[in-house]
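Visitor: Here's a structure for you.
The values are calculated or read from the model by the stated rules, or taken from the named source; none is laboratory data. These figures come from a predicted structure and were not determined experimentally. Note: ideal-geometry Cβ built from the backbone for every residue, glycine included; neighbour counts use all protein chains shown. When the accessible area is computed, the model is the full protein with side chains, heavy atoms only, and any ligands, DNA or RNA have been set aside. Shrake-Rupley method; radii C 1.70, N 1.55, O 1.52, S 1.80 Å.
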Amino acid sequence: MPFDLDHCIEQLLHKRLLGEPLIREICEKTKEVLMRESNVVHIQAPVTVVGDIHGQFYDLVEIFRIGGYCPNTNYLFLGDYVDRGLFSVETITLLTCLKLRYPDRVQLIRGNHESRAVTQTYGFYTECIRKYGSPNVWIYFTDMFDFLTLSVVIDDRIFCVHGGLSPSIHSIDQIKVVDRFREIPHEGPMADLVWSDPDSDKEDFAISPRGAGYTFGSQVVRKFLEINHMSHILRAHQLCMEGFSVSFDNRLSTVWSAPNYCYRCGNSASILEIGPGQEMHFNVFEAAPENERDGPQQAQQASMMKIEYFL
Amino acid sequence: MTTTSPEIPSHHVDETGVNKSITIHGWKITTTSTSISNASELDSLQRELDLTLPEMTFGHNSVVLSHEASGWTYTFDTKGALKQVCNKELGPGDGGVKVGHAEAWASTRTVPNSLTPVSEMTVAKPYDWTYTTMYAGHASTSTPQWLPADPEDSSQSIPMATLTKPDPILYYAATQLFEDELHDNGASMYIIRVRVMPTCFFLLGRFSLRVDHVLFRQHDTRLFHDFSSNMLIRETAGWEAPYETIRARLPNPDDRTRLTDTQWVASIFNELPTRITQNKRSGGGTGWRGLTRRVETILLGRDTQEM
C-alpha cells in the first residue's frame with residue numbers, strides 16, 4: 001500500500017484530518033474490501049457491538065478507551081456513523097481506516113444515514129464542505145457507503161442489522177440476493193433493514209402512521225428467529241435514555257452508542273460486549289470529557305442557549 | 001445575587017442543578033432543562049397520553065411563571081404540549097400530512113407471498129406523527145380568563161419597540177419540551193425561550209415542523225408582561241409553507257442544513273406574505289386550523305380574592 005495506514009489511524013485518533021487525495025485512495029481501497037463481502041457477513045464472538053455514533057468523535061474514542069483498541073478488541077459497528085454530531089468526517093475517516101487495516105476484525109454495517117440524500121440535510125455534506133472547501137470528500141465517502149454490508153450474523157445465532165426486519169424477508173438467504181450496491185432506496189427490503197423499528201405492543205408488521213415504513217412485532221421476531229435457527233436480534237437506530245434496551249422476552253436488543261445525543265439529550269450510551277459463549281454485557285458509558293471543551297458550544301441548537309434579544 | 005440600582009430593579013437569580021430561576025417584581029420564573037425521560041417515565045407518560053411519544057421527550061423540562069401576589073401560575077411543560085397532539089385518526093383542520101414518498105411507497109408494496117396490496121395491511125394506531133401542537137401553555141386556575149385584546153388599544157399588544165431596546169437582560173433561559181426527527185423525514189420540536197429585562201418579561205414558545213419535500217409549519221406563543229401593569233399579553237400565531245417555497249430561499253441550494261435551523265426558517269416565514277403563510281388554501285394546503293393570529297390579555301389581581 002502506498003500510504004501508511006497505521007500512521008493515518010494515529011493521526012485520526014488525535015483528531016487530525018487526512019488530506020483529500022489520501023481519503024480518495026483510502027475510500028477506493030476500502031470499496032475493494034467491502035465489495036467482496038456478502039450482504040450477510042458471518043463472524044465469531046468475542047466481539048464488541050457498537051450502535052449509532054452520529055459524528056460524536058470524542059465518544060467514539062471513549063468507546064476504544066473503555067472497550068479496547070483495534071485489533072485487540074473485535075468490533076461490529078451497526079451504522080449511523082455520520083450526521084448530527086460535529087465530527088462526522090473524523091469519525092467516518094477513522095472507522096474506514098480501521099476497516100481497511102483490520103478487515104476481519106472490524107465490521108461496518110450500513111445505517112440509514114450512510115446515504116447521499118440523508119447526509120445532505122443532516123450535516124455530513126455541510127461538514128465536508130466546511131472542512132475541505134469542496135464536496136469531493138463527501139462524494140468519496142458516500143460512494144463507499146454503497147458498498148457497506150447490510151447485516152452480520154454472530155456465531156450463527158445472533159442476527160445484527162441497523163434498523164430491523166422486513167416483511168419481504170423471512171429467511172436470511174433472501175437478504176443475500178438483495179442488490180445492495182446502490183443508494184438506499186425508499187422502499188423494498190433494503191430500506192426496511194435500515195429503517196424499521198420494533199413495536200412491542202404489536203404482534204405483526206404494521207405500517208407506520210407516517211405513510212411509509214414498517215414496525216415489527218413479537219410474532220415477527222419469534223418467527224424470524226425460528227426459521228433462521230437463531231436466538232437473538234441485535235440492532236441500533238433508536239435513542240434510549242439508558243443506552244440500551246432489551247425487549248420481546250430477551251429476543252431483541254437495541255444498542256445506542258451516542259451519549260448525550262446531539263449534545264443535549266443527557267442520555268447514557270452503551271457498547272455490547274459479546275463473549276465467546278455469546279454471553280452479553282452492556283458496557284454503559286457517558287459522554288467523553290473532551291466534549292466540554294471542543295463541541296456543543298459550536299452546535300447549531302446550542303445557539304438557542306446564547307443570550308439574545310429574540311422577538 | 002441581589003442587585004439594586006436606580007435602573008435595575010431588585011431581583012434574585014438562582015441556578016441550582018437543572019433549574020434556573022429569577023425573582024423580580026413579585027414574579028418568580030423558573031426554567032427547568034435536563035435530560036430526556038427514562039424508559040419507565042416514558043412508559044407511564046405514553047399510557048397516560050395514549051400517544052407514541054417523540055424520540056426525544058424531555059418529560060422534566062418546563063417554564064413556570066408564578067405571580068406571587070395572586071398565586072396564579074402559568075406553565076409550559078412537555079405533558080401539556082403533547083396532550084394537544086392528535087392521538088387518533090386525523091380529521092379536517094388537524095392538518096394531517098404524509099411523508100414525501102408515501103404514495104410511491106404504498107404503490108410499490110404488496111404483502112409478501114400474496115397479492116394483497118399493502119393498503120390492506122394493518123396500519124399502526126393512527127396519531128399525528130408530526131406532533132403538531134398549538135400548545136400555548138396552561139394556567140393553574142380557570143380564572144381569570146384570557147380575553148380578546150382590543151386591536152385599537154396599543155397597550156393591549158406586544159410592544160415591539162420595548163423588546164427591541166437593548167435593555168440589560170437580567171435573566172435568560174431556554175428549554176426544549178420535545179423533538180422528533182420523524183425518521184429522518186424532517187423534524188418536529190418545541191422550544192421555549194424567556195428573557196427578563198428591568199421593566200418587563202418576554203417568553204416565546206415555538207413549535208417548529210419540517211416534513212422534507214412536503215412542508216414547513218410553525219406555531220408561536222408569545223407572552224409579554226410590563227411590571228408596571230397588571231396585564232399579561234399573549235399572542236399566538238401559526239404559519240405554513242410548501243417545502244419548496246422555503247427551500248427556494250436557500251443561499252446555496254445543495255446545502256440544505258439551514259432548513260434544519262428553526263430560527264432561519266422562522267425568519268423566512270416572517271418575510272413571506274401572510275396570504276401565503278396563513279392561508280388555509282395555499283400555505284401547506286393542509287387546511288390546518290392553526291393558521292391564524294390571535295392576541296389576548298389577562299388581568300391579574302393582587303391576591304386570589306380579587307379574582
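Visitor: Less than 10 Å Cβ to Cβ from residue B:269, Lys/Arg counted +1 and Asp/Glu -1: what total charge do the surrounding residues give?
Guide: That works out to -2.
Visitor: Suppose all protein chains stay in the model; what accessible area per residue would a 1.4 Å probe give for chain B, in Å²? Don't skip to the end; give the middle numbers.
Guide: Values: 13620 Å² over 307 residues.
On a per-residue basis, chain B sits at 44 Å².
Visitor: What percent do you get for the relative contact order of chain B when only Cα pairs under 8 Å and 6+ apart count? Walk me through the numbers on the way to the answer.
Guide: Working: 625 pairs, mean separation 49.9, N = 307.
Relative contact order here is 16 percent.
Visitor: What does the helix-only formula give at 222 nm for the protein assembly as shown: each DSSP H stretch with n ≥ 4 adding -39500 (n - 2.57), the total divided by the residues, and the result rounded to the nearest 500 deg cm²/dmol? Kindly include the intermediate steps, with their values, before the conclusion.
Guide: Details: 17 runs with 146 residues, N = 618.
Calculated mean residue ellipticity at 222 nm is -6500 deg cm²/dmol.
Visitor: Between region B:163-216 and region A:141-184, how many Å separate their Cα centres?
Guide: 39 Å
Visitor: Output the relative contact order of region A:5-304, whole-number percent, from Cα pairs under 8 angstrom with separation of 6+ residues.
Guide: Relative CO of region A:5-304 lands at 20 percent.
Visitor: In vacuum, with every alpha carbon of region A:122-176 counted as one equal point scatterer, what does the Debye formula give for log10 I(q)/I(0) at q = 0.15, 0.23, 0.30 Å⁻¹? Two decimals, please.
Guide: Result of the Debye calculation: -0.63, -0.88, -1.20.
Visitor: Hey, can you list the residues from region A:163-188 whose accessible area shrinks by 40 Å² or more with all protein chains present, relative to the chain by itself (probe 1.4 Å, no ligands or nucleic acids)?
Guide: For region A:163-188, once contacts with the other chains are taken into account, A:186, A:187 lose 40 Å² or more.
Visitor: Let me ask something else about it. On average, how much area does the Cα convex hull of region A:1-42 cover when viewed from any direction, in nm²? Show your work: numbers first, answer last.
Guide: On the way: hull surface 15.7 nm².
Result: 3.9 nm².
Visitor: Between chains A and B, what is the buried accessible area in Å², counting both sides, with a 1.4 Å probe and ligands, DNA and RNA left out, to the nearest 100?
Guide: Working: alone 13940 and 16100 Å², together 24840 Å².
Approximately 5200 Å² gets buried when A meets B.
Visitor: Cα convex hull of region B:192-307: mean projected area in nm², to one decimal? List each step's numbers first, then the result.
Guide: Values: hull surface 35.9 nm².
Here the figure is 9.0 nm², rounded to one decimal.
Visitor: Continuing with this model, one more query. Run the accessible area of region A:5-304 with a 1.4 Å probe and give the carbon-and-sulfur part as a rounded percent. Present the calculation step by step, with values, prior to reporting the outcome.
Guide: On the way: 5000 of 10310 Å².
Carbon with sulfur: 49 percent of the solvent-accessible area.
Visitor: Follow-up. Per residue, how big is the convex hull around the C-alpha atoms of chain B? Give it to me in cubic angstrom, could you?
Guide: On the way: hull volume 52.1 nm³, N = 307.
Cα convex hull per residue, to the nearest whole number: 170 Å³.
Visitor: Still on this structure: Find the lysine pairs in chain B meeting two conditions, Cα atoms under 25 Å apart and a separation of 8 or more places or different chains, and report how many there are.
Guide: Lysine pairs meeting the criterion: 16.
Visitor: Averaged across the residues of B:252-265, what count of C-beta atoms belonging to other chains lies within 10 Å of each residue's C-beta?
Guide: Values: counts 2, 0, 6, 7, 5, 11, 2, 1, 7, 3, 3, 6, 1, 0.
Per residue, the average neighbour count from other chains is 4.
Visitor: Size of the dipole of region A:5-304 about the Cα centre, Lys and Arg at +1 and Asp and Glu at -1 on the beta carbon, nothing else charged, in debye to 20?
Guide: Details: 27 positive and 39 negative charges, 84 e Å.
That gives a dipole near 400 debye.
Visitor: According to the Kirkwood expression over distinct Cα-Cα pairs, how big is the hydrodynamic radius of region A:181-311, in Å? Don't skip to the end; give the middle numbers.
Guide: Working: mean 1/r = 0.0572 Å⁻¹.
Kirkwood radius, region A:181-311: 17.5 Å.
Visitor: Between beta-carbons, use under 9 Å as the cut-off and find the net charge around residue B:149, counting Lys and Arg +1, Asp and Glu -1.
Guide: On the way: positive: B:234, B:294; negative: B:150, B:153, B:235, B:296.
With Lys, Arg at +1 and Asp, Glu at -1, the neighbours total -2.
Visitor: Which of the lysines could a cross-linker bridge to residue A:31, judged by Cα under 17 Å and excluding same-chain residues fewer than eight apart?
Guide: Result set, ordered by chain and number: A:99.
Visitor: Have a look at A:114, A:90, A:62 and tell me which one the Gaussian network model of chain A (Cα, springs below 10 Å) gives the largest fluctuation.
Guide: A:62
Visitor: How many angstrom lie between the C-alpha centres of region A:221-283 and region A:57-101?
Guide: 18 Å
Visitor: Would you be so kind as to list the residues of region B:177-200 that have their accessible area lowered by at least 20 Å² in the full protein complex compared with their chain by itself (1.4 Å probe)?
Guide: B:179, B:181, B:183, B:184, B:191, B:193, B:195
Visitor: Over the Cα atoms, compute the radius of gyration (one decimal) and Dmax (the largest Cα-Cα distance, rounded to a whole number) for region B:1-88, in Å.
Guide: Using the Cα atoms of region B:1-88, the pair Rg, Dmax is 16.8, 55 Å.
Visitor: How many partner chain Cβ atoms sit within 10 Å of a residue's Cβ in peptide B:162-175, on average, as a whole number?
Guide: On the way: counts 0, 3, 2, 1, 1, 1, 0, 3, 0, 1, 6, 2, 9, 2.
What the average comes to for B:162-175 is 2.
Visitor: With a ≥ b ≥ c taken as the square roots of the eigenvalues of the C-alpha gyration tensor of region A:5-304, please select rounded if a/c is under 1.5 and otherwise prolate if a/b is larger than b/c or oblate if it is not?
Guide: On the way: a/c = 1.43, a/b = 1.37, b/c = 1.04.
It comes out rounded by the Cα gyration axes.
Visitor: What net charge do the residues around residue A:277 carry, taking every other residue with its C-beta under 13 Å from that of residue A:277, with Lys and Arg at +1 and Asp and Glu at -1? Provide the component values of the computation, followed by the final result.
Guide: Details: positive: A:157; negative: A:155, A:273, A:279.
Summing Lys/Arg as +1 and Asp/Glu as -1 gives -2.
Visitor: Suppose we compare each residue of region B:44-59 in its chain alone and in the full protein complex with a 1.4 Å probe; which ones drop by at least 20 Å² of accessible area?
Guide: At a threshold of 20 Å² (probe 1.4 Å), the residues of region B:44-59 that become less exposed are B:55, B:56, B:58.
Visitor: Once the whole set of protein chains is in place, how much accessible area is left on residue B:125, using a 1.4 Å probe, in Å² to the nearest 10?
Guide: The value for residue B:125 is about 90 Å².
Visitor: Name the shape class, rounded, prolate or oblate, that the alpha-carbon gyration tensor gives for the protein assembly as shown, where a ≥ b ≥ c are the square roots of its eigenvalues, rounded holds for a/c under 1.5, and otherwise prolate holds if a/b is larger than b/c and oblate otherwise. Provide the component values of the computation, followed by the final result.
Guide: Numbers: a/c = 1.96, a/b = 1.65, b/c = 1.18.
It comes out prolate by the Cα gyration axes.
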